[in-house]
Every structure is written in C-alpha cells, then in structure tokens.
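Visitor: There's a structure below that I have some questions on.
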Amino acid sequence: MGTSGRGAASESGSVPAPRAVPPFDPELTAVLEGLSAGAREPVTPENLAARQRRDAASRPRPTVEDLRVGGRFEVTECTVPGPPDGPEVTVVSARPAGLTGPLPLLYYLHGGAMIMGNAWSVLPRILREWAAPLELAVVSVEYRLAPGTRYPGPLEDCYAGLVWAARHATELGIDADRIVIGGKSAGGGLAAALALLTRDRGGPTPVGQLLLSPMLDDRDTFSRHQMTGLDIWDLTSHTTVWKALLGDRYGAADLPPYAAPSRATDLSGLPPAYVDVGSAEMFRDEGVAYANAIWRAGGRAELHVWPGACHGFDSVAPRAAVSQDARDARTRWLRRLLA
C-alpha cells in the first residue's frame, strides 16, 4: 500500500503530482498488501447480488448454542413486533450467565454497508470484549437489507427493536435507563440515525451512542476521493450501496437526516457520542465533522482518529497495536459511561 503513482503526462507535457495521502500504519500495510483481489473488488450494481450471496455463504453465523460458549452466556433469539406495515424483527438477546439484577444494555446494529452482514456474526467479539468484562447485556438486531428493503425500512426495524427492548426491560433483565446504542460502519450510521429518530419521536432515551467508522453521509467528502483505491472501501462501492439504500432519493436535497445523519441541522439533545475513525479511511471526514457538529450544538462527543488506520482496521488486523488501542479506548468509554 502507499500513495498512488504519477498520472499520465498531459498534452502540455506536464506530469500531475502524486496524490497526497496519510500513510498507513505499518502493521496494517502488511495485512492490506496480502488481501486478495476478491476482497478488494468494488461493489457495483452488476455484482451486488453476487456479493450478497458470497457474503451470506462465507460469513460465519454462529448458532445460539455457539454463542452460549458452554454456558458462559445466556442467549435467546426472539421475533418481536416490527414497524407499522412491516414484518416482525428478529433480535438476538445475550448476557453473561449467572448475573442478577438489571444490567445495562448495548443495543447493537451490525455493519455490512446496508447490504450485507447479520445479527449473529458480530456477537462473539462483543460478548467476549464488552459483555463479560463490563457485565452488560447485548441485543443485536437483524434489520432488513438494501436493496430489497430501502430507507426507511432498515432504520424502522432498528427503532421497533429498541422500543421492544425498553418495554420488556424487566423480563430481559436490563436497565431501561442505561441503554447504549452502537454499531460499526453501516451499523454506526444506523445508530446515529436511531439516536435522532428516538429523540424526535420521544422514544426510549439512550445514555450513549457508540459510532465506529460510521457511514453517515451520502454526499462527497474530501477523504472519500483522497482514499479511494487505497482504503479497503472504494468510492464505487460507496455510491453503489447508498443508491441501493435510497433508490431515487439518492442525492436529493430534501433527504431526511434519519437517512444520512450528516445532513442533520439540529444535533441538540442527543446522548453522549463516541466517534472513532481511521486517518486513512474514506469515512474519516464525515466522522470528524459529525463529532464537531455535536460539539457546536453543545453536546458531548469523544472523537478518536486512529493514525494510519483504514476502514474496519480492527477487523482486518485485530492484533495490530492500533487495533488493540482502539478496542481499549472504546471499552474505557463504555465503562465510564455506565459507571
């Protein structure tokens, strides 16, 4: 990995300067250079369905029994009422075994660019790294995916699941006054949108929002162009998935902030936010801008820009020092928030 090479000479004979990009972390560079061409293939309208099938076939989907890890966790799969005129929503509820009393809840929305991923595959790491050491419960949501379901369907699924969890706090053994909503990439964007939506509808009030490399803005940013072809997420893929989610509303001037939270003009009254991005990822600028907008509105946000990190760096290279530092920082924030 590294900066792109010089472009072709122009008709006048001049050679464009190489694109200036922030360097990748050395440990990440070694991993990124070893990725297969298939892993870096952009998502296009033509291959989107095939990519979804490949993801469904290749992504590990643990069973409920797998997630229990020999009795360490209590895990239940539930079907709950969905949004009005929508189908029921599947959620996976999990908590460390043997704990009494209501636990704080991490209401988690998986990543996958709004077109891939599932509620089960994200849980092993979350249970190991957060649920067990912090003694918190987790609800992971199986929201519908684009383009089969466009906005607002996936977000409405997430809202319906949140309302259900808060209303059934006693039977779930959770504290409805200590709910953190969170997610990574597309899930981070959904978590930010959910914080806006539940504020405006007077729904359950989260105590925090955990936004990891969140997908917040359908519009162009500098980092999106700067890092395309270098970051593992490509500008072509970005355009494809936003169009899959929004359809004819893609790029519309009146797009609601619940569809793309970076469009929100009122960020007051939101729960404290944790925002982290990599300095060398396409989503960098929208994450930084979102944290700044929360501060300008008088809110609380903790922003981390991890040096040399690409999109999804802690999944691509979980043993890299920067990945471990990021996981530790997220855990410390959750611990402070829930203390």
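A short reminder: the numbers here are calculations on the coordinates, not readings from a lab. As the structure is a prediction and not an experimental result, all values here were calculated from the model. Every residue, glycine among them, receives a Cβ derived from its backbone with ideal geometry; neighbour counts consider all protein chains shown.
Visitor: By the scheme Lys and Arg +1, Asp and Glu -1, what is the net charge of all other residues having a beta-carbon under 12 Å from that of residue 308?
Guide: Working: positive: 284; negative: 25, 27, 231, 281, 325.
Residues close to residue 308 contribute a combined charge of -4.
Visitor: Then there is this: Dividing the convex hull volume of the alpha carbon atoms of the chain by its residue count, what do you get in Å³ per residue?
Guide: 147
Visitor: Taking the Cα centre of region 62-338 as origin, sum charge times position over the Cβ atoms of Lys and Arg (+1) and Asp and Glu (-1), and report the length of that vector in debye to the nearest 20.
Guide: So the magnitude is around 480 debye.
Visitor: Applying a 10 Å radius around every beta-carbon, put 313-320, 89-96, 117-124, 207-214 in order of their mean neighbour count, most first.
Guide: Per-residue mean Cβ counts within 10 Å order the peptides as 207-214, 89-96, 117-124, 313-320.
Visitor: Still on this structure, I have one more. Excluding residue 245 itself, what net charge comes from residues whose Cβ is under 12 Å from its Cβ, given Lys and Arg +1 and Asp and Glu -1? Kindly include the intermediate steps, with their values, before the conclusion.
Guide: Values: positive: 144, 150, 243, 249; negative: 218, 248.
Net charge in that neighbourhood comes out at +2.
Visitor: Taking every pair of Cα atoms in region 155-294, average 1/r, invert it to obtain the Kirkwood radius, and report Rg/Rh to two decimals.
Guide: 0.99
Visitor: Placing +1 on the Cβ of each Lys and Arg and -1 on the Cβ of each Asp and Glu in region 62-338, which of 80, 238, 105 has its Cα farthest towards the positive end of the resulting dipole?
Guide: 105
Visitor: Let me ask you something else. Mind pulling the angle between the C-alpha long axis of helix 48-58 and the longest principal axis of the chain? Nearest 10 degrees, somewhere in 0 to 90.
Guide: 60
Visitor: Would you mind calculating the gained length between residue 321 and residue 33 on full extension (0.36 nm times residue separation, minus the Cα-Cα distance), in nm to one decimal? Display every interim value, and only then the final one.
Guide: Values: separation 288, 0.36 × 288 = 103.68 nm, distance 1.77 nm.
Length gained, residue 321 through residue 33: 101.9 nm.
Visitor: What GluC sites (Glu not before Pro) in region 24-55 are in a loop by DSSP, with at most 11 other Cβ atoms within 10 Å of the Cβ?
Guide: For GluC sites (Glu not before Pro) across region 24-55 that sit outside H, G, I, E and B with at most 11 neighbouring Cβ atoms in 10 Å, the list reads 46.
Visitor: Under a Cβ-Cβ cut-off of 13 Å, what is the net charge of the residues other than residue 126 that fall near it, where Lys and Arg count +1 and Asp and Glu count -1?
Guide: Once all neighbours under 13 Å are counted, the net charge is +4.
Visitor: Next up: Taking only Cα atoms, what is the 0 to 90° angle, nearest 10, from helix 321-338's long axis to the longest principal axis of the chain?
Guide: Tilt of helix 321-338: around 40 degrees.
Visitor: Take the Cβ-Cβ distance between residue 64 and residue 329 as r, set R0 to 35 Å, and report the resulting FRET efficiency rounded to the nearest 0.05.
Guide: Using R0 = 35 Å, I get an efficiency of 0.70.
Visitor: Among 322, 165, 188, which residue has its Cα furthest toward the positive end of the charge dipole of region 62-338, with +1 on Lys/Arg Cβ and -1 on Asp/Glu Cβ?
Guide: The listed residue farthest towards the positive side: 322.
Visitor: Give me the percent of DSSP beta bridges within region 62-338 that run antiparallel, rounded to the nearest 5.
Guide: Here the share of antiparallel DSSP bridges comes out near 35 percent.
Visitor: So if we plug the beta-carbon distance of residue 50 and residue 79 into 1/(1 + (r/R0)^6) with R0 = 25 Å, what FRET efficiency do we get, rounded to 0.05?
Guide: The computed FRET efficiency comes out at 0.30.
Visitor: Only helical DSSP H runs with n ≥ 4 go in: add -39500 (n - 2.57) per run for the chain, normalise by residue count and round the 222 nm mean residue ellipticity to 500 deg cm²/dmol.
Guide: Calculated at 222 nm, the ellipticity per residue is -10000 deg cm²/dmol.
Visitor: Show me, for region 125-136, the HN-Hα J-couplings you get by feeding each phi into the Karplus relation (A = 6.51, B = -1.76, C = 1.60, θ = phi - 60°), rounded to Hz, glycine and proline as x.
Guide: 5, 5, 5, 5, 8, 10, 4, 5, x, 9, 6, 10
Visitor: Also, I was wondering about something else. For residue 171 and residue 336, compute 0.36 nm times the residue count separating them, minus their Cα-Cα distance, and round to one decimal in nm.
Guide: 56.8 nm
Visitor: OK, next. I'd like the distance between the alpha-carbon centres of region 69-135 and region 251-285, rounded to an integer number of Å.
Guide: 24
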